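So the structure is just underneath, and the comments pick up after that.
The values are calculated or read from the model by the stated rules, or taken from the named source; none is laboratory data. Treat the numbers as computed from the prediction; the structure is a model and nothing was measured. Here Cβ is always computed from backbone atoms with ideal geometry, including for glycine, and neighbour counts include all displayed protein chains. We work out accessible area using only protein heavy atoms, side chains counted, and drop any ligands, DNA or RNA first. Shrake-Rupley method; radii C 1.70, N 1.55, O 1.52, S 1.80 Å.
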Amino acid sequence: MQKTLLRYIWTHTRPQQVWILLVVAASMIPYFLAFDLPKQIINGPIQGQGFEDLDAKQAFLDFSFTIPLINQTISFDGFPLERMQTLVALSGVFLLLVIINGAFKYYINTYKGRLGERLLRRIRFELVDRVLRFPPRHAKTLNGAEIASMIKDEVEPFGGFTGDAFVQPALLGGQALMALFFIILQNFWLGMVAAFMVAIQVVIIPKMRRRLIELGRQRQITARRLAGKVNEVVEGLGTIHAYDTSNFERADVAHRLGEIFRIRYDLYQWKFLVKFLNNFLSQLTPFLFYLIGGYLTLRGTLDVGQLVAVINAYKDLPGPLKELIDWDQARQDVQVKYEQVFENFEVEDLIDPQIHTLTPTSERAKGDVLQAVAVSVNDDSGAKVVDHVTLKVEHGETIAMVDHLGRGAEAMAEAFGRLAWPSSGRICLGDNDIRELPESVTGRHISYVSTESYFFHGSLKDNLLYGLKHAPVQKPDYSGKEARQRQWEIREAKKAGNPHLDINAGWVDYGHAALGNGAKRDVKKSLLAALDAVQMRDDVLELALHSIIDPNDDPEFTARVIEMRHALRERMNELGVETLVTPFEPHEYNGDASIAENLLFGATREPLTRDSELLSSEHFYVALSKVGLQKPFIDIGKTVAKNLVEIFGGLPADHPFFRQVTTLSAEDISYYQSLLQRKSEPKPANFRLSDADKAFIRLTLEYVEPRYRLGILTSELQEKIVGSREMFYIELPAHLRELVERYDPDKYVSVATLRENIVFGKLSNRNAEGLTELRALAGAVSRELGFADELLKAGLEFDIGAGGRRLTPVQRRKLNLARALIRRSDYYIFNKPLPGLEKHAQEEIVQNVLAFLRQQENDPAVIWVLSNISLSRLFDRVVMFDGGAILEEGSYETLQQESGTFKALVA
């Protein structure tokens, strides 16, 4: 990167800048001509100069000039026009010059805008490219929010300045000089007055604005640090609440905001002082013109036309002059910002761009062995964590690395995985240092997994296949408008210095799938096998069952869900276990569902809470009244409330009851107790329901007889609810009916989860093992129908959120490991990838992973840093580190017999 922004702009936009400067120079001709025309119109046809006689005529568009060197004169006598004709002709020329000048401005401004946006695109891409090339040690010190703020916001002014970098001073300076030169031609002394005032503005105003630049720099730095602090607060919310430090963080943020306020307030004060002085100097000059020019006109040394022309010309002088001063301030401002960007992105040991060269395929000679040669690694504090280690990894070998003291095994794994650079020695693949090999070799032949994991916002499948997206392997099929749009994007990308890679191309490299021979189906095979190896298939199915799927997105899949629903019901009937689930039937009351579900006979688009649109609408309660259910529901609600208060009124908030009945809490019991204590008053015929009555109705809607077991839901009331379903639904206004999606055995419910759509009913509360039995039965039916794979596919489309936050920590660990297993590599480096799992689960997954990798045809090697040292018995060789050096190595059996230290660790 160049050290100054002007040099950076000139380097990357030189041809375009030269062209636009030529256009600006050409625009000065009509701009200057427009100055003299008002004087000619006023002195000529308006005041009659040259038209003293009635029949007088003057030549229009006459000219004469001599060609140098050949001394030949070319002349044109023009068109003889009368006074009125001359007025119309000169006015028409004036209008033409206005149009020409406007056209020049339009072209120049449009060209500048496009030029600026191209350079902004270039520099943003270059900065992101540099982030991708930061060395590992520097990458650990970065604050993501600050880097994002710089790339997104702080370089934004560079785009606007790029088009003005050379054009603006040329254009504005030319306009100002033209206006000043014209004034001098009209009257020397008035020209000197204007020149003197211009000189004062040019000298004083920029000096005063230097303080504004410094304040702007301070504002930018403090705002960037505030963004970093806010990011820390968001990332550390759990820690903040755990240690009760929220008020400390509030104090920190308030202090930072106060500092920003002080800087901005000083900036505003200074800014408007400079503006006041600049405006004063601009208005002082017309005062002098009126005074001195009027005096000269009265004495007869200056005619009225000249004075008007001077004043008219000066109107075009302060604007360009002010903008020129603003340009200089903008130049200094963006230079300060550019210097800060330069300081943050100009890093030593930046990775060579050739290392990241796009390579569709990566081939290397067989027999290249991964080895560490006298490697030492220092941590961020400079302490040596790996001390002169030499280690060779053969193909097909499995190595367990463990630490006795220190973290030498972990640091060694990071060095093998290119996440730490040796302070001395080399990590070699064959005869080549892996730091000198392109990532198309190291990034495809070495897979590294650690405790730390990051997932990009997208689906589970996108993140699982992320390690196969090295280069475009299949071009998209564009046609018509899309093809023309793509060609335009390619041209613009080239002009902005961006690669013209197509994100819509096929990036998944099927040839690098772990299992198979490179066919598309082998990726699916590898993916499913990897999920099984890390014991994540059931998690994916659960994610699918908890998903809400829009039937319009995949009608075929939702049709299969309905097929699965009917098949499951038929199987339960065949086996005589139909009581596992109480189905939703149009003309029957579902005893395991709430009264609300039975009345609405459908799923709501939002939970039925006090603030929900449905229950907060008076129309809902009016409809209840019309079907004769309002009073029964109030009575049931009061009975339920009395029973709850009587039975559970004295229970603590952490009583198991409140965990079983999730819709109620200790606070709710206290609330209903206060409602029951209120005195009931007689109500008129047209009364509106009180808040207490509405609360009792809401309690009634939540009531499920098998759960509460109060015996208050009579068969007559059940029949009344079922019989009122259609009328109640019709009585609701259209906007409330849209909030309810009615149940239909042959239709998919778009607002319900996939599980709810398949079961289409309520799990019976009478069978304690009902959920387990239903899962087993549904699993068997789905496999018979071939629906299990489609269900798994739906789970793979689950949106895991930013950073995978919608997954549990254990699921993220498993997903991180599965992502590496899906791709075929020669070396797998696992650096304690499964923290938080209990020992038995860790052992099963380690065994599964080793068995999975043995299925690969390329016979990969495995290096696994273990936290559970007893699992080292599963590996061919064990390497034990002590204080960063290799203490002992050998087979598990050998170390058990010969090493007391190792035997003690295993025990």
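When segment 440-473 is examined, which residues are found to be more than 24 Å from Leu370 (Cα to Cα), in contact with a Pro (Cβ under 8 Å, 6 or more places away or on another chain) and not hydrophobic (A, V, I, L, M, F, W, C)?
Once the filter is applied, which keeps residues that are more than 24 Å from Leu370 (Cα to Cα), in contact with a Pro (Cβ under 8 Å, 6 or more places away or on another chain) and not hydrophobic (A, V, I, L, M, F, W, C), segment 440-473 yields only Pro472.
Just the residues that are open to solvent by 10 Å² or more (accessible area, probe 1.4 Å) and either part of a helix (DSSP H, G or I) or over 23 Å from Val373 (Cβ atoms) (or both), please, taken from segment 411-439.
Result: Glu414, Glu439.
Being open to solvent by 20 Å² or more (accessible area, probe 1.4 Å) and either in contact with a His (Cβ under 6 Å, 6 or more places away or on another chain) or farther than 21 Å from Ser453 by Cα (or both) is true for just one of Glu797, Glu857, Glu843. Which residue is that?
Testing whether each residue is open to solvent by 20 Å² or more (accessible area, probe 1.4 Å) and either in contact with a His (Cβ under 6 Å, 6 or more places away or on another chain) or farther than 21 Å from Ser453 by Cα (or both) leaves just Glu857.
Do the conditions hold for Gln855, that is, is it more than 20 Å from Ile446 (Cα to Cα) and out of contact with any Gly (no Cβ under 7 Å at 6 or more places or on another chain)? Even if it seems obvious, please write down each step before you answer.
Details: more than 20 Å from Ile446 (Cα to Cα): no; out of contact with any Gly (no Cβ under 7 Å at 6 or more places or on another chain): yes.
Spelling it out, it is not the case that Gln855 is more than 20 Å from Ile446 (Cα to Cα) and out of contact with any Gly (no Cβ under 7 Å at 6 or more places or on another chain).
So that you can scan it fast, the table gives a plain yes or no per residue for (1) among the β-branched types (Val, Ile, Thr); (2) open to solvent by less than 70 Å² (accessible area, probe 1.4 Å); (3) closer than 20 Å to Arg737 by Cβ; (4) in contact (Cβ under 8 Å) with a residue 12 or more places away in the chain:
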site	(1), (2), (3), (4)
Arg569	no, yes, no, yes
Thr579	yes, no, no, yes
Glu588	no, no, no, yes
Ile595	yes, yes, yes, yes
Leu599	no, yes, yes, yes
Ala603	no, yes, yes, yes
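For the subset of segment 561-614 comprising residues that are part of a loop (DSSP other than H, G, I, E, B) and among the basic types (Lys, Arg), which member is farthest from Ala544 (Cα to Cα)?
Arg610
Of all residues in segment 844-871, which are not β-branched (Val, Ile, Thr) and not in a helix (DSSP H, G or I)?
Matches in segment 844-871: Gln855, Gln856, Glu857, Asn858, Asp859, Pro860, Ala861, Trp864, Leu866, Ser867, Asn868.
Would you please list the contacts, defined by Cβ atoms under 8 Å and residues six or more apart or on different chains, that run from a residue in segment 477-504 that is in contact (Cβ under 8 Å) with a residue 12 or more places away in the chain to a residue that is open to solvent by 90 Å² or more (accessible area, probe 1.4 Å) and assigned to a loop (DSSP other than H, G, I, E, B)?
Asp502/Lys475
Regarding Ala841, is this residue touching a helix residue (DSSP H, G or I) at 6+ places or on another chain (Cβ under 6 Å), part of a helix (DSSP H, G or I) and at pLDDT 90 or above?
In short, no.
Every residue, every condition in (1) part of a helix (DSSP H, G or I); (2) open to solvent by 80 Å² or more (accessible area, probe 1.4 Å); (3) among the hydrophobic types (A, V, I, L, M, F, W, C); (4) at positive phi, yes or no:
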residue: Ile99; (1), (2), (3), (4): yes, yes, yes, no
residue: Gly102; (1), (2), (3), (4): yes, no, no, no
residue: Lys112; (1), (2), (3), (4): yes, no, no, no
residue: Leu119; (1), (2), (3), (4): yes, no, yes, no
residue: Ile147; (1), (2), (3), (4): yes, no, yes, no
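Go through segment 808-837 and give me each residue that's over 17 Å from Gly467 (Cα atoms) and in contact (Cβ under 8 Å) with a residue 12 or more places away in the chain.
Pro809, Val810, Gln811, Asn831, Lys832, Leu834, Pro835, Gly836, Leu837
Does any residue in segment 31-45 that is closer than 11 Å to Leu87 by Cα come within less than 8 Å, Cβ to Cβ, of a residue that is of a type in the set (S, T, N, Q) and open to solvent by less than 40 Å² (accessible area, probe 1.4 Å) six or more places away or on a different chain, and which pairs are these?
Listed pairs, sorted by first residue: Gly44/Thr86; Pro45/Thr86.
Determine if segment 475-494 includes at least one residue that is under 27 Å from Leu874 (Cα atoms), open to solvent by 10 Å² or more (accessible area, probe 1.4 Å), at pLDDT 85 or above and assigned to a helix (DSSP H, G or I).
no
Anything in segment 393-419 that is more than 28 Å from Arg854 (Cα to Cα) and not charged (D, E, K, R)? List them, or say none.
His404, Leu405, Gly406
Out of (1) of a type outside the set (Lys, Arg); (2) on the phi < 0 side of the Ramachandran plot; (3) open to solvent by less than 50 Å² (accessible area, probe 1.4 Å), the odd one out for Gly78 is which?
The one condition Gly78 does not meet is (2).
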